[in-house]
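The values are calculated or read from the model by the stated rules, or taken from the named source; none is laboratory data. What you are looking at is a predicted structure, and each value in this text was computed from that prediction instead of being measured. Reconstructed Cβ throughout: ideal geometry from the backbone, glycine too, with neighbour counts over all protein chains shown.
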Amino acid sequence: AQTVTQSQPEMSVQEAETVTLSCTYDTSENNYYLFWYKQPPSRQMILVIRQEAYKQQNATENRFSVNFQKAAKSFSLKISDSQLGDTAMYFCAFMINFGNEKLTFGTGTRLTIIP
Amino acid sequence: KAGVTQTPRYLIKTRGQQVTLSCSPISGHRSVSWYQQTPGQGLQFLFEYFSETQRNKGNFPGRFSGRQFSNSRSEMNVSTLELGDSALYLCASSPDPENNEKLFFGSGTQLSVL
């Protein structure tokens, strides 16, 4: 069974600063996907960034980037130049690929951007 | 293109009743999965349907069931509601098995059991 751990229940950072959210996971699989989802007060889960385990290069999406350490089973999210709209719950999630739609989520980190 | 649509947005029921929640996936998406979100247990996978067949099921009692129609729309049903069933129920859709890493979520149905 897969587990995902987010050890930071809450974080806050000043607007325009950089913040890093931590995530570790446990699996015996070699091929899988890792995700960061954002859930604002609207409740909709919004995909922030995705990483395929077979890719060594860290994924980036504009101000969002990850530090994927496969051997350490670590998958942190870095948000640069943070904006007020980044305030939300952030969930790290794991999925085995090819026909298995099940996402295993961490418990989330509540991020607050301070003006 | 419209996103994943879940109805209703809010629902209040009493213990012992049953409830049906609906999810319309993005047009062209054939896989629909359901998740339960509670403050205590976090996000937990309920089940996933593809082409009207349940492919995966989470660790929930038999009171939780679902189905998918030929147009890919899905419903989930909870019978004999308990207070602990109060949660946000999220639906997600994806195009097909070869592209299943792209999940798109709806805004959920907030169920309150009194």
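Annotations
- Residue check for B:Ser65: surrounded by 11 or more Cβ atoms within 10 Å (Cβ to Cβ) and within 21 Å of B:Gln110 (Cα to Cα): yes
- Residue, modelled with the lowest pLDDT, within the range A:1-18, restricted to residues that are among the aliphatic types (A, V, I, L, M) and surrounded by fewer than 20 Cβ atoms within 10 Å (Cβ to Cβ): A:Ala1
- Single match in B:Ser93, B:Ser22, B:Ser51, B:Ser74 (criterion: of a type in the set (Ser, Thr, Tyr), within 14 Å of the chain's Cα centre (by Cα) and surrounded by fewer than 16 Cβ atoms within 10 Å (Cβ to Cβ)): B:Ser22
- Search result, residues across the range A:19-48 that are more than 27 Å from B:Thr109 (Cβ to Cβ) and either more than 15 Å from the chain's Cα centre (by Cα) or part of a strand (DSSP E or B) (or both): A:Val19, A:Thr20, A:Leu21, A:Thr24, A:Tyr25, A:Asp26, A:Thr27, A:Ser28, A:Glu29, A:Asn30, A:Asn31, A:Leu34
- Within the range B:26-46, the set of residues being under 17 Å from A:Met45 (Cβ atoms) and not polar (S, T, N, Q) comprises B:Ile26, B:His29, B:Val32, B:Trp34, B:Tyr35, B:Pro39, B:Gly42, B:Leu43, B:Phe45, B:Leu46.
- Qualifying residue in the range A:59-81 (condition: within 11 Å of chain B (Cβ to nearest Cβ), closer than 27 Å to B:Arg30 by Cβ and either among the small types (Gly, Ala, Ser) or out of contact with any Pro (no Cβ under 7 Å at 6 or more places or on another chain) (or both)): no
- In the range A:87-97 there is at least one residue matching the filter, namely being within 14 Å of another protein chain (Cβ to nearest Cβ), surrounded by 17 or more Cβ atoms within 10 Å (Cβ to Cβ) and hydroxyl-bearing (Ser, Thr, Tyr).
- Qualifying position, being of a type in the set (S, T, N, Q), under 20 Å from B:Ala92 (Cβ atoms) and either surrounded by fewer than 17 Cβ atoms within 10 Å (Cβ to Cβ) or in contact with a strand residue (DSSP E or B) (Cβ under 6 Å, 6 or more places away or on another chain) (or both), among A:Gln39, A:Gln57, A:Gln69: A:Gln39
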